[in-house]
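K.L.:
Supplied in C-alpha cells, the structure appears directly below.
The values are calculated or read from the model by the stated rules, or taken from the named source; none is laboratory data. These figures come from a predicted structure and were not determined experimentally. Glycine gets a Cβ as well: all are built from the backbone with ideal geometry, and neighbour counts include every protein chain shown.
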Amino acid sequence: MLRKLCITVLVLTGLLAAATLRAQGYPAKPIHVVVPFAAGGANDIQARIVSQKLSESLGQPVLVENRPGAGGNIGSEFVAKSAPDGYTLLFVVSSVIVINPHIYEKLAYDANRDLVPVAMCCEISQLVVVNPSLGVRSLNELIVLARANSQALSYGSMGNGSTGHLNMEALKQMAGINAMHVPYKGAAPAITDLVSGRISMMIVSYGVTQSHIQAGTLKVLAVGSKERSTALPDVPTVSEAGLKGYEAPEWIGMFAPAATPREIVSKLNAELVKITASTEFRERLRKNGLEAPRVKTPEEFAAFIQAERQRARLLVKSTGAKID
C-alpha cells in the first residue's frame, strides 16, 4: 500500500514538474490568436492591438487569424478543438461565449466545457441612444413616453439574440415598457434607420455611434455599464438614471482550449493584465469608448462568465430568441 502511494506521489510530482518546465519554456514558437469574425471589426481591431503588445512581452510572434462565420461559432469551435498547448487562442466578444449557447440549437462545441478563460481584455460601453426627434432628454423621459404610447416606439438590434436585443429586452422588463423589436443584419443598417427616424432607439456600442453622437444626429441618454464611461463622463448609467441594478455588459476576452496547462494560462493572464493596465492601452480604449477590464484573474473571469451565462439564459427564455 505504502509502495503504491509513493509511486502515485512520484507520478504526480513528475507531471507537475513537466507542466512547470513547459510553462517556463513557453512560448517557444509563434502563437496564433483566432478572431471568429471578419477583419476590420471591433473584435479584430482589439485583437491586433493586444497581439502586438503580447508579442513584444513574450518575445514570439503573435499572429491574428480571422475565421468568421456562424455568429462566431466557426472560429470558436476551431480553437476549442485545437491542441491545448497555448499556441492557439481565441479572442472573442462576450456574446459568442454567453449568448450563443442559448440561441443556437446545435453547436459542435461547448464553450463552457471546451474553452478555459484566460483574461478579460476590455469592456465595451453600451449606450441607450435615441433619435433626437423623439424629444426626450433623459432615460426617465423616454420611459414616460413609452408608457404613454405603448405602441409608438421601436428599437433596432443586430439580430435576434444579439447583445442589443437582449439588453433592450432587459431594460423593457425593468422599466415596464413596450417597444417593437426590429432586427437587422449588422450595426450599419440599424444605425442608418435610427438616424433617419425609421426606428426610435437602440442599445449599442459607443464605437459605432460616436460620430453621430458628436454630430447631434443621435442622442445618448444613458450608459449600460456598471460605472460611467470614461469617454462620456457626464452621461449617467442606466442604474443612476432610475433603473437600479441594471447592467448591459459586453466585453472581449481571451480563451484557450480546455486542458491547457494551468501554468501557461497563468503566464498569459499575467502578461495580459500588465498590457491592459498600461496607461497607453487604457487611453486607446477610452478613445474608442472601451473600458479597462474589472476582473483580473482567470478565476474571477470564469465566475463572471458563469453569472453572465445565467443572465443570458433567462433573457433568451423570456424572449424566445432562437437561431436554427
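K.L.:
When the residues of segment 92-127 are filtered to those that are outside any strand (DSSP E or B) and aliphatic (A, V, I, L, M), which remaining residue is farthest from ALA231 (Cα to Cα)?
P.N.:
Here is the first cut: in segment 92-127, the residues outside any strand (DSSP E or B) are 94-103, 105-114, 125.
Okay, now just the ones that are also aliphatic (A, V, I, L, M), so 96-99, 103, 107-108, 111.
Values: VAL96: 26, ILE97: 26, VAL98: 26, ILE99: 27, ILE103: 32, LEU107: 37, ALA108: 39, ALA111: 32 Å.
Here the answer is ALA108.
K.L.:
Somewhere in segment 61-83, is a residue in contact (Cβ under 8 Å) with a residue 40 or more places away in the chain and acidic (Asp, Glu)?
P.N.:
As a first pass, look at segment 61-83 and keep what is in contact (Cβ under 8 Å) with a residue 40 or more places away in the chain: 71, 75-76, 78-83.
So of that shortlist, the ones also acidic (Asp, Glu) come out as none.
There is no residue in segment 61-83 that is in contact (Cβ under 8 Å) with a residue 40 or more places away in the chain and acidic (Asp, Glu).
K.L.:
Filter segment 47-58 for residues that are farther than 26 Å from GLU308 by Cα, in contact (Cβ under 8 Å) with a residue 24 or more places away in the chain and of a type outside the set (S, T, N, Q) and give the result.
P.N.:
Scanning segment 47-58 gives LYS53, LEU54, LEU58.
K.L.:
Restricting the search to segment 261-295, which residues are without any contact (Cβ under 8 Å) to a residue 60 or more places away in the chain and of a type in the set (Lys, Arg)?
P.N.:
ARG282, ARG286, LYS287
Here's the yes/no breakdown for (1) at pLDDT below 95; (2) at negative phi:
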{"position": "PHE37", "(1), (2)": "yes, yes"}
{"position": "SER55", "(1), (2)": "no, yes"}
{"position": "PRO61", "(1), (2)": "no, yes"}
{"position": "GLY69", "(1), (2)": "yes, no"}
{"position": "ASN73", "(1), (2)": "no, yes"}
{"position": "PHE91", "(1), (2)": "no, yes"}
{"position": "TYR109", "(1), (2)": "no, yes"}
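K.L.:
If you check ALA18 against the conditions, is it within 25 Å of ALA270 (Cα to Cα), among the aliphatic types (A, V, I, L, M) and modelled with pLDDT of 95 or more? Let's see the steps before the verdict.
P.N.:
Numbers: within 25 Å of ALA270 (Cα to Cα): yes; among the aliphatic types (A, V, I, L, M): yes; modelled with pLDDT of 95 or more: no.
In short, no.
K.L.:
Working carefully through the options LYS317, LYS226, find the one that is surrounded by fewer than 20 Cβ atoms within 10 Å (Cβ to Cβ), of a type outside the set (A, V, I, L, M, F, W, C) and under 15 Å from the mean Cα position of the chain (by Cα). So that I can check it myself, show each step before the final result.
P.N.:
Working: LYS317 fails: under 15 Å from the mean Cα position of the chain (by Cα).
That would be LYS226, the only listed residue that is surrounded by fewer than 20 Cβ atoms within 10 Å (Cβ to Cβ), of a type outside the set (A, V, I, L, M, F, W, C) and under 15 Å from the mean Cα position of the chain (by Cα).
K.L.:
Filter segment 128-138 for residues that are among the small types (Gly, Ala, Ser) and assigned to a loop (DSSP other than H, G, I, E, B); which is modelled with the highest pLDDT? Outline the logic, then answer.
P.N.:
Of all residues in segment 128-138, those among the small types (Gly, Ala, Ser) come to 133, 135, 138.
Now narrow it down to the ones that are assigned to a loop (DSSP other than H, G, I, E, B): 135, 138.
Working: GLY135: 94, SER138: 97.
Looking at residues that are among the small types (Gly, Ala, Ser) and assigned to a loop (DSSP other than H, G, I, E, B), I get SER138.
K.L.:
To continue, here is another question. Give the residue, chosen from SER266, SER211, SER200, that is at pLDDT 95 or above, of a type in the set (S, T, N, Q) and surrounded by fewer than 17 Cβ atoms within 10 Å (Cβ to Cβ). So that I can check it myself, show each step before the final result.
P.N.:
Details: SER211 fails: at pLDDT 95 or above; SER200 fails: surrounded by fewer than 17 Cβ atoms within 10 Å (Cβ to Cβ).
The match here is SER266.
Residue-by-condition table, conditions (1) assigned by TED's automatic domain parsing to the domain that holds THR163; (2) in contact with a Ser or Thr (Cβ under 6 Å, 6 or more places away or on another chain); (3) under 27 Å from SER76 (Cα atoms):
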site	(1), (2), (3)
GLY207	yes, no, yes
MET254	no, no, yes
PRO257	no, yes, yes
ARG262	no, no, yes
LEU285	no, no, yes
VAL295	no, no, yes
ALA302	no, no, yes
ARG311	no, no, yes
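K.L.:
Out of segment 280-303, which residues are at pLDDT 95 or above and in a helix (DSSP H, G or I)? Steps first, please.
P.N.:
We begin by selecting, within segment 280-303, every residue at pLDDT 95 or above; these are 297-303.
PRO298, GLU299, GLU300, PHE301, ALA302, ALA303, listed by residue number.
K.L.:
Got a sec? Which of SER82, SER133, SER138 is closer than 23 Å to LYS226 by Cβ, surrounded by fewer than 22 Cβ atoms within 10 Å (Cβ to Cβ) and of a type outside the set (D, E, K, R)? Write out each step before concluding.
P.N.:
Details: SER82 fails: closer than 23 Å to LYS226 by Cβ; SER133 fails: closer than 23 Å to LYS226 by Cβ.
The unique qualifying residue is SER138.
K.L.:
Please list, ordered by residue number, the helices (runs of 4 or more DSSP H) wholly in segment 146-232 having 2 or more residues that are without any contact (Cβ under 8 Å) to a residue 12 or more places away in the chain. Walk me through it before giving the result.
P.N.:
Details: elements: 163-175, 187-196, 210-215.
In segment 146-232, the matching helices (runs of 4 or more DSSP H) lie at 187-196, 210-215.
K.L.:
Which residues, counting only those in segment 53-82, are among the polar types (S, T, N, Q) and more than 21 Å from GLY207 (Cα to Cα)? Break it down into steps so the answer makes sense when it comes.
P.N.:
Restricting attention to segment 53-82, the residues satisfying the condition of being among the polar types (S, T, N, Q) are 55, 57, 60, 66, 73, 76, 82.
The answer is SER55, SER57, GLN60, ASN73, SER76, SER82.
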